[in-house]
There are 2 protein chains.
Amino acid sequence: MNRLSSKRLTVYYFHCILWFLFLSFATGANARSTDPLPSWNNGPAKSAIVQFVKDVTKEGGPDFVPPAERIATFDNDGTLWCEQPMYVQEVFALDRVKGQAPDHPEWKSAEPFKSVLGNDMKGVMASGEKGLAEMLMATHAGMSVEEFNQISKYWLSQSKHPRFDRLYTELVYQPMLELLAFLRANDFKTYIVSGGGIEFMRPWTEKVYGVPPEQVIGSSIKMKYELVDGKPVLMRLPEIDFIDDKDGKPVGIQKFIGRRPIAAFGNSDGDYQMLQWTTANNGPHFGLLVHHTDAEREYAYDRDSAVGRLDKALDEAPKKGWTVVDMKKDWKHVFAFEKP
Amino acid sequence: MNRLSSKRLTVYYFHCILWFLFLSFATGANARSTDPLPSWNNGPAKSAIVQFVKDVTKEGGPDFVPPAERIATFDNDGTLWCEQPMYVQEVFALDRVKGQAPDHPEWKSAEPFKSVLGNDMKGVMASGEKGLAEMLMATHAGMSVEEFNQISKYWLSQSKHPRFDRLYTELVYQPMLELLAFLRANDFKTYIVSGGGIEFMRPWTEKVYGVPPEQVIGSSIKMKYELVDGKPVLMRLPEIDFIDDKDGKPVGIQKFIGRRPIAAFGNSDGDYQMLQWTTANNGPHFGLLVHHTDAEREYAYDRDSAVGRLDKALDEAPKKGWTVVDMKKDWKHVFAFEKP
């Protein structure tokens, strides 16, 4: 081999290598096989998730689902972030009552406000659904959507969890963040379907979960379009519009998405109908419940809990083929802030 | 230059050309500059659309809008498909009454059904809002969502427009299809925001407009989740849930999307508030009205029309900077089936 042909070969090999690298990059055929769920311990829950995603994305396979139909719905409280010892939005409402109290002298003698101001949670609960609804309306209505979003966003940027001394938006579950990202990387459209207020969630779900406002479904109060000083605003009215909980979840899903999910993720009996609806689908489907079994790192609760009660759904899970996550066993890390 | 170095140069140039082609392909830098709106005649309407899209997509430009915020909302009746001489969904309701009549002997003597069965449209209209609502409930409720979707989809696959003798889904406006595609190609998310029934549209909007069910907003009746023979279904109830028209449109937009559009497209006073809301946005925004001026190829109507009345919005358009499409002048083709 003379010197020139050797050089020619070098050029040739060099180009071959460049081509290979470029094609690898362009087609996304990354040779490294990294674990998409590093905060999940190996076990039946992780395996079931990975297998399901593999099945529905395998083109030509018997369980293939076209990307447009890969809808996954997630409950929020207790499924994506911590709901103990009280729903975050309830803490927000209580704080709002205290903040607004100077403008409402009548609250000193009217329940449930009197109990809220006296830090008497038993008294608050004793006011029943009617009292709680009254508190909700007093703290969530009477301003524009924009104003409410600013109020709740500011509150979330300041308020900390009593036990963990962290912002509530830091108390999101790292394994679930990875699951959301894993599904999206496999062309799933991920939705939040929560009993919580839709506008309470929307200002931060994109940043925290990667879920944009238009993929958030929740409970709502009515709105009215009106002109204030010639400027159009959407005013929040003190009237329930929709309760996105229990049998409201499949209704909310149909209303907003217009098709049935193929995967649903929850943690309480409030998610029972969402999982039932999703897994009654004739095609491939997946249902998962997060079971809070970890009193040390988070909380342990199920059948007797006032918040996030998990009873009927836990009984039904084995019959329906739903995956149950044992938080203590299945999660290497719990919260996003624990990520190494 | 000896023979070998000449060969080496050939190899070199060959690789350069391959690289160029590959990079062009991979980055989508297609050199051909084809007209994205071929069914639009050159003129102020087309220029305004193209300029707006250019402005909001120019990275680093003063009017740049991040892709996630590029929300565009389209009315349906009269904006995307023909609404004359009667809203398509009204024709559907009338046909449904006739089809269901054998099961409802009482309709022979009860309005508005009696008039419908006697083809007396004046009588139908005379029954007023109450009569029309009654007809809507009798024809649109009492079945599951799935059953209703099958019924309406079948009807649309069979029923033809009285003048054009075409399926209604063929009477969609070719220039608007191009506009939808042009916006999507520029990372807009395109929504339908219609006064029509949400479930009447969803079964076909993806195929006809490229708009998936989760991007369709419309009027709705209530639903109930229940088990029928152990199988979960969503039943349609004879009760109005939401009217997505006039000042209901900004409300529907906030409810479903949770952010303000930057572009809105309509054709009647029913779209006035949607355009007002969209173009009151401080950032870049675009409002457009389709003015039906073409009696020969389609219909000519505005201020005095019972269907798709365009009066206040037409007066306001110049003050608000809304683009008004003169169908006769601005559109080279009207319907999708006319496309050469």
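The values are calculated or read from the model by the stated rules, or taken from the named source; none is laboratory data. Remember, it's a predicted structure, so these values are computed and weren't measured experimentally. As a convention, Cβ positions derive from the backbone with ideal geometry for all residues, glycine included, and neighbour counts pool all protein chains shown. Each accessible area value is taken on the protein alone, full model and side chains, heavy atoms only, with ligands, DNA and RNA left out. Shrake-Rupley method; radii C 1.70, N 1.55, O 1.52, S 1.80 Å.
Structural remarks
- Any hit, the stretch A:215-222, residues being of a type in the set (V, I, T) and more than 10 Å from chain B (Cβ to nearest Cβ): yes
To keep it simple, each residue is scored yes or no on (1) within 11 Å of chain B (Cβ to nearest Cβ); (2) in contact with a strand residue (DSSP E or B) (Cβ under 9 Å, 6 or more places away or on another chain); (3) open to solvent by less than 20 Å² (accessible area, probe 1.4 Å).
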residue: A:G248; (1), (2), (3): yes, yes, yes
residue: A:I253; (1), (2), (3): yes, yes, yes
residue: A:I257; (1), (2), (3): yes, yes, yes
residue: A:R260; (1), (2), (3): yes, yes, no
residue: A:A264; (1), (2), (3): no, yes, yes
residue: A:D269; (1), (2), (3): no, no, no
residue: A:Q273; (1), (2), (3): yes, yes, no
residue: A:N281; (1), (2), (3): yes, no, no
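- When the stretch B:200-211 is filtered for residues that are facing another protein chain (nearest Cβ under 10 Å) and open to solvent by less than 20 Å² (accessible area, probe 1.4 Å), the ones remaining, listed by number, are B:M201, B:R202, B:T205.
- In the stretch A:277-334, the residues that are aromatic (F, W, Y) and part of a strand (DSSP E or B): A:F286, A:Y301, A:W331
- In summary, A:P232 fulfils each of the numbered conditions (1) outside any helix (DSSP H, G or I); (2) within 22 Å of A:V216 (Cα to Cα); (3) within 13 Å of chain B (Cβ to nearest Cβ) with the single exception of condition (2).
- Of all residues in the stretch A:33-72, those that are closer than 20 Å to A:T279 by Cα, in a loop (DSSP other than H, G, I, E, B) and open to solvent by less than 40 Å² (accessible area, probe 1.4 Å) total 3.
- Any chance B:K122 is under 22 Å from B:I240 (Cβ atoms), open to solvent by 90 Å² or more (accessible area, probe 1.4 Å) and modelled with pLDDT under 95: no
- Of all residues in the stretch A:134-170, those satisfying the criterion of being open to solvent by less than 20 Å² (accessible area, probe 1.4 Å) and aromatic (F, W, Y) are A:F148, A:Y168.
- Yes/no for B:L289 being surrounded by 24 or more Cβ atoms within 10 Å (Cβ to Cβ) and of a type outside the set (D, E, K, R): yes
- Scanning the stretch B:212-229 for residues that are aliphatic (A, V, I, L, M), surrounded by fewer than 23 Cβ atoms within 10 Å (Cβ to Cβ) and in contact with a strand residue (DSSP E or B) (Cβ under 6 Å, 6 or more places away or on another chain) yields a total of 1.
- When the residues of the stretch B:200-229 are filtered to those that are of a type in the set (A, V, I, L, M, F, W, C) and assigned to a strand (DSSP E or B), the one that is nearest to B:K130 (Cα to Cα) is B:I221.
- Any hit, the stretch A:237-246, residues being away from chain B (no Cβ under 14 Å), open to solvent by 20 Å² or more (accessible area, probe 1.4 Å), touching a helix residue (DSSP H, G or I) at 6+ places or on another chain (Cβ under 8 Å) and part of a loop (DSSP other than H, G, I, E, B): no
- Flag for B:P232 being surrounded by fewer than 22 Cβ atoms within 10 Å (Cβ to Cβ) and over 18 Å from the mean Cα position of the chain (by Cα): yes
- Against the conditions (1) over 25 Å from the mean Cα position of the chain (by Cα); (2) crowded, with 17+ Cβ neighbours inside 10 Å; (3) closer than 24 Å to B:Y299 by Cβ, B:Y173 satisfies every one except (1).
- Odd one out for A:G197, checked against (1) open to solvent by 30 Å² or more (accessible area, probe 1.4 Å); (2) touching a strand residue (DSSP E or B) at 6+ places or on another chain (Cβ under 8 Å): (1)
- In this structure, B:G230 does satisfy being farther than 27 Å from B:Y299 by Cβ and at pLDDT below 95.
- From A:A295, A:A317, residue being open to solvent by less than 20 Å² (accessible area, probe 1.4 Å) and out of contact with any helix residue (DSSP H, G or I) (no Cβ under 8 Å at 6 or more places or on another chain): A:A317
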